[in-house]
Amino acid sequence: MRHTGISAGLVLLLTSFSLVSCIVKDNTLGSALTPSNQDLSMHRATIDLPVRQKLADSLQTAVSSSAMVGSITSEPFGTFHSDAAMSITSVYDSVIWGSNPSVRNIYVEFTLDTALVMEERERIIPQNIRLYQLAVELDSTTIFNNSLGSDCFDPDPVSVGGTIYTGGSTYMVYLKKEFGEKLFKIPMETIDSAELFMKTFYGLYMNCDDPEPGTTGGRLNIFDLSSSTLYFAYDYDDDEGARRTSTALFNLGTYYTLNVCSSGSKPLEESDAREAIYAEGQCGIKPFISAKDLKQAVDGWMAQNGLKAEDLLVAKATVSFPYTYDGDDERYSRFANNLFPCRRVESGSTGQPYYSPLSEISNTELESGTINRSTMTYTSNVSIYLQDLIRRDASEITAADDLWMMGTLSYTDSYTSATTYYADYYYYSQTKLNGTSDLRRPVLEITYSILK
């Protein structure tokens, strides 16, 4: 009896385990309670992205108190060059020159924020930097990388020749006395008003020589103008006729700073980037997705699978751009920190174009294009954009719906805590992505439901 009792207990225990292990997960459970036109079962699809290469046009590069000057030559991007234009305004509410003023000396001391180089040894290479006086006023219309040309500044430098910069934390350059003498001719009430002064004394233009032809490398210097100052020492007669010396200080770029940049990457433009896809910072070459091409690809996939636009509900959609690590750590370090889809739109009030990230970027829980170094992929969420694209007729798609893969920046207002996102107008980067014919190629991944 004792033996029989133990067997019965063991049978009961085994039966209990057997009952647990035989539970089956049924994804249709409860479906009979759901109306047939609201069956939200999930599906997934992967569609190849139609990626072109296109040079960014009219990028807004007006940056508060940040001047980028220099150039870098590299393969296959060519030469990227940046000049800077900056406003000048008085530090003081009132400036009084006194009687018979004359220039003692005038110079500018720039503070370096950061330097961008191809190789570490280039942080100390010599560069010939010159300053000119602007011939046009900086205002809200001069905000693009191509807003100013060579006719926008006096061709004769105001900087004293022979000043070489080797990448130090500060850069001091003396200006010609004739430049300071012009200030004596401006009425005091004009100098005391920043608005009036900028309409009279236009400011400075700063540029640098390109690397020698046939060579690569270079340096882009980003100067912090909020910590840079124009010093103007002058002599004058006081009320007793004695000769005195005083100094006037002027701010640089407080109201307007514009980086005037150009890229030699235009030869990389192509309608199908099969072998490789390049993304250059600032106004350089960009991965470009025509909205019409994308619409055609998605419509073709829906037709092939018997799907209708009005029945397809996008739960999630991402665009992914993979890359391959080739072992070159220096090249890898120049990759963009993030690449996110932006649209080139026009301001409703001025009609001026600007690049604006898709609204999905404001949701911090969604993929924002940050580089993933473990999967070697840039992934961005485009769910709202794609749902809208699917529902619209092909005839309604315009160039304003096209996507440019660009770096992005964010700014958070300290008072309202509101965060605004911008296309990156500050950092320079060089990224090589896998082409459209690669095994790991750019794709659109969709998770969706069908409303029956």
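The values are calculated or read from the model by the stated rules, or taken from the named source; none is laboratory data. For clarity, every value in this text was computed on a predicted model and none was experimentally measured. Please note: Cβ atoms are built from the backbone with ideal geometry, for glycine as well, and neighbour counts cover all protein chains shown. Just so you know, the surface numbers come from the protein's heavy atoms only, side chains and all, with ligands and any DNA or RNA stripped out. Shrake-Rupley method; radii C 1.70, N 1.55, O 1.52, S 1.80 Å.
Taking segment 354-391, which residues are touching a helix residue (DSSP H, G or I) at 6+ places or on another chain (Cβ under 7 Å) and basic (K, R)?
R391, the sole residue that qualifies.
Give all pairs with beta carbons closer than 6 Å in which a residue from segment 225-254 that is closer than 14 Å to I88 by Cβ meets a residue that is open to solvent by 60 Å² or more (accessible area, probe 1.4 Å) and of a type in the set (D, E); count only pairs at least 6 apart in sequence or on separate chains.
Within 6 Å, the pairs are T229/E109.
Residue pairs, Cβ under 6 Å, 6 or more apart or interchain, first in segment 390-414 and part of a loop (DSSP other than H, G, I, E, B), second acidic (D, E). List them.
From residues that are part of a loop (DSSP other than H, G, I, E, B), the pairs are G407/D424.
Report whether or not L252 is more than 29 Å from Y205 (Cβ to Cβ) and in contact with a helix residue (DSSP H, G or I) (Cβ under 9 Å, 6 or more places away or on another chain).
So L252 fails the test.
Before we move on, is Y448 touching a residue at least 24 places away in the same chain (Cβ under 8 Å), in contact with a His (Cβ under 8 Å, 6 or more places away or on another chain), of a type in the set (S, T, Y) and surrounded by 12 or more Cβ atoms within 10 Å (Cβ to Cβ)?
In short, yes.
Is there a residue in segment 140-154 that is aromatic (F, W, Y), over 18 Å from L183 (Cα atoms) and in contact with a Phe, Trp or Tyr (Cβ under 8 Å, 6 or more places away or on another chain)?
no
Cβ-Cβ below 7 Å, separation at least six or inter-chain, first residue in segment 288-309 and modelled with pLDDT of 95 or more, second acidic (D, E) and surrounded by 14 or more Cβ atoms within 10 Å (Cβ to Cβ): which pairs?
Pairs that qualify, where the first residue is modelled with pLDDT of 95 or more and the partner is acidic (D, E) and surrounded by 14 or more Cβ atoms within 10 Å (Cβ to Cβ), are F288/D402; I289/D402; S290/D402; A291/D401; A291/D402.
Could we say that G218 is of a type in the set (G, A, S), open to solvent by 60 Å² or more (accessible area, probe 1.4 Å) and within 28 Å of S74 (Cα to Cα) here?
Taking the combined requirement at face value, the residue does not satisfy it.
Quick one: would you say A336 is surrounded by 19 or more Cβ atoms within 10 Å (Cβ to Cβ), assigned to a loop (DSSP other than H, G, I, E, B) and either at pLDDT 95 or above or small (G, A, S) (or both)?
yes
Where residues in segment 346-375 are surrounded by fewer than 15 Cβ atoms within 10 Å (Cβ to Cβ) and of a type in the set (V, I, T), which of them is modelled with the highest pLDDT?
T375
Report yes if S74 is open to solvent by less than 20 Å² (accessible area, probe 1.4 Å) and closer than 18 Å to L138 by Cα, otherwise no.
no
Scan segment 415-443 for residues that are over 13 Å from the mean Cα position of the chain (by Cα) and outside any strand (DSSP E or B) and report the count.
Qualifying residue count for the region: 12.
Considering Y415, Y421, Y378, Y385, which residue is out of contact with any Pro (no Cβ under 9 Å at 6 or more places or on another chain) and either of a type outside the set (D, E, K, R) or at pLDDT below 95 (or both)?
Selected residue: Y415, the only one of Y415, Y421, Y378, Y385 that is out of contact with any Pro (no Cβ under 9 Å at 6 or more places or on another chain) and either of a type outside the set (D, E, K, R) or at pLDDT below 95 (or both).
Can you give me the number of residues within segment 268-326 that are surrounded by 14 or more Cβ atoms within 10 Å (Cβ to Cβ) and polar (S, T, N, Q)?
Total meeting the criteria: 5.
Out of all the residues in segment 145-196, which are crowded, with 18+ Cβ neighbours inside 10 Å, in a loop (DSSP other than H, G, I, E, B) and under 29 Å from the mean Cα position of the chain (by Cα)?
If the condition is that a residue be crowded, with 18+ Cβ neighbours inside 10 Å, in a loop (DSSP other than H, G, I, E, B) and under 29 Å from the mean Cα position of the chain (by Cα), then N145, S147, L148 are the ones that fit.
Can you tell me which condition N338 does not meet? The list is (1) closer than 22 Å to D48 by Cβ; (2) within 24 Å of the chain's Cα centre (by Cα); (3) not hydrophobic (A, V, I, L, M, F, W, C), and all the others hold.
It fails just one condition, (1).
Do we have any residue at all in segment 246-266 that's open to solvent by less than 60 Å² (accessible area, probe 1.4 Å), modelled with pLDDT of 95 or more and outside any strand (DSSP E or B)?
Looking for residues that are open to solvent by less than 60 Å² (accessible area, probe 1.4 Å), modelled with pLDDT of 95 or more and outside any strand (DSSP E or B), one finds at least one in segment 246-266, hence yes.
Among the residues of segment 161-189, which ones are among the β-branched types (V, I, T) and modelled with pLDDT under 95?
T163, I164, I186 - these are the residues of segment 161-189 that are among the β-branched types (V, I, T) and modelled with pLDDT under 95.
Would you point out which residue out of T142, T111 is modelled with pLDDT under 95 and open to solvent by less than 50 Å² (accessible area, probe 1.4 Å)?
Of T142, T111, the one residue that is modelled with pLDDT under 95 and open to solvent by less than 50 Å² (accessible area, probe 1.4 Å) is T142.
Report whether or not V136 is within 26 Å of H81 (Cα to Cα), among the aliphatic types (A, V, I, L, M) and open to solvent by 50 Å² or more (accessible area, probe 1.4 Å).
So V136 does not fit the description; no.
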